[in-house]
Amino acid sequence: MRCEPDLHSEGLQCKLSDMGTLGQHIGRSMRAMMQYEYGPPDLVTLREIPQPVVKDSEVLIRVRAAGLHVGDCFAMRGSPFPVRLMTGLRKPKYGVPGMDLAGQVVTVGRMVTRFRPGDEVFGCCMGACAEVACAAEATLVQKPASVPWQQAAAVPTSALAALHAIRDAGKVAPGHRVLIVGASGGVGTFAVQLARFFGAEVTGVCSSRNLELVRSLGAHHVIDYTQEDFTKPGPRYDVILDNIENRSLAECRRALAPSGTLICNSGTGASGMAMAVRLLKPLVVSPFARHNLRRYLSEPNFKDLDLLKKLLESRKLSPVIDRAYSLDETPDALRHIEGGHARGKVVVTL
Ligand SMILES: NC(=O)c1ccc[n+]([C@@H]2O[C@H](COP(=O)([O-])OP(=O)(O)OC[C@H]3O[C@@H](n4cnc5c(N)ncnc54)[C@H](OP(=O)(O)O)[C@@H]3O)[C@@H](O)[C@H]2O)c1
């Protein structure tokens, strides 16, 4: 999607006909972080560009905070290459980073039934690092009044990834011994809390500086990866969620209980053929192994976002915010994530 008013779009014509608030937004411009070609964070600069045009099933949102994650760095660099099948083969189709947001509804498309102007929402979108962004109705939920903008924006992609790993791929149940590698990262900080929520005995692997943080999220045990090696003889786990994948499949399997599940969940640290092999290996080996070796793709959906909203509201889930950046500092935020040492989530506030 190129961010220019599409005067022929069906959604726009519908809203023009009812002369709703959208009419006032046509042709308006907004401040947004924008890149016109794939590459490093320096290519993402502050621009004045036209506001996106809301489609029938979409909601136009005044962004109050955007959540960033590793996937934004993939989209920014157009790497690993398969990312370009979604973001544009030669250059970014849209070019505004940010897939998670929290904000206020400005206007809604013709088919939207759950939201109306003024509602406070959070969820998944395209182009959150802008004053205004469009999101599909199905990937948004109401923001609880008690949850600050930054916290809500930190949740969607990373908490959904953690939920889909722990509940769906890992089938974590009460009493399971669960090991989370990368427990202090964007996905890991949610995974520790969700594994506790599903009744597991949780062990988090992190560095010395994050031991207290991971304990405070509910981990029963912590392993300092600078001092100890979880793959060496020791406790065996029913489920391992590996967000880092800097150990081989064979090494990780040594820490698994006889019929345990290993969830491989890292898109970083390798490229090209090495990455392809790493991505496929668990899936190829699993049918012949006594262990269950999994990889999964987390897709946003209303039901699970709604569950996360309820957990936030009841304080059973609490996002960890590493740093908040201003809109024009978005390149610094992306650099920080690429450094691989974020402590919880990185957000941009507007
Ligand atoms: N399957 C899906 O659909 C899906 C969805 C979303 C994300 N993901 C994947 O999930 C992975 C994790 O994402 P994320 O957002 O959590 O990453 P992240 O926030 O960038 O992870 C950074 C954290 O990892 C820790 N860390 C670094 N090396 C470590 C090691 N050897 N052992 C333990 N912890 C270590 C760092 O702690 P220190 O600074 O202390 O080292 C830091 O806190 C990514 O690779 C992403 O591609 C998958």
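The values are calculated or read from the model by the stated rules, or taken from the named source; none is laboratory data. If you're wondering where the values come from, they're calculated on a predicted model, not measured in any experiment. Neighbour counts are summed over all protein chains in view; Cβ atoms, including those assigned to glycine, are modelled from backbone coordinates with ideal geometry.
When the residues of region 213-237 are filtered to those that are among the basic types (Lys, Arg) and within 15 Å of the ligand (Cβ to nearest atom), the one that is nearest to ARG196 (Cα to Cα) is ARG215.
The condition (being within 13 Å of the ligand (Cβ to nearest atom), under 25 Å from VAL83 (Cβ atoms) and among the β-branched types (Val, Ile, Thr)) is satisfied by just one residue among ILE240, ILE263, ILE321: ILE263.
Kindly indicate whether ALA165 is in a helix (DSSP H, G or I), away from the ligand (no atom under 16 Å from the Cβ) and either touching a Leu at 6+ places or on another chain (Cβ under 6 Å) or in contact (Cβ under 8 Å) with a residue 24 or more places away in the chain (or both). So ALA165 fails the test. For region 128-173, filtering for residues that are of a type in the set (Lys, Arg) and in the same structural domain as SER266 (by TED's automatic domain parsing) leaves 2.
For ARG177, the stated conditions hold: it is over 20 Å from LYS310 (Cα atoms), at pLDDT 95 or above and either more than 13 Å from the ligand (Cβ to nearest atom) or not acidic (Asp, Glu) (or both). In this structure, LEU283 does satisfy being without any contact (Cβ under 8 Å) to a residue 60 or more places away in the chain, within 16 Å of the ligand (Cβ to nearest atom) and over 19 Å from the mean Cα position of the chain (by Cα).
Each row is one residue, and each column tells you yes or no for (1) of a type outside the set (A, V, I, L, M, F, W, C); (2) near the ligand (Cβ under 9 Å from one of its atoms).
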site	(1), (2)
ALA138	no, no
SER158	yes, yes
ALA183	no, yes
GLY186	yes, yes
PHE197	no, no
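Being under 20 Å from ALA191 (Cβ atoms) and either acidic (Asp, Glu) or more than 16 Å from the chain's Cα centre (by Cα) (or both) is the filter here, so list the residues in region 314-340 that pass it. Once the filter is applied, which keeps residues that are under 20 Å from ALA191 (Cβ atoms) and either acidic (Asp, Glu) or more than 16 Å from the chain's Cα centre (by Cα) (or both), region 314-340 yields SER314, ARG315, LYS316, ASP322.
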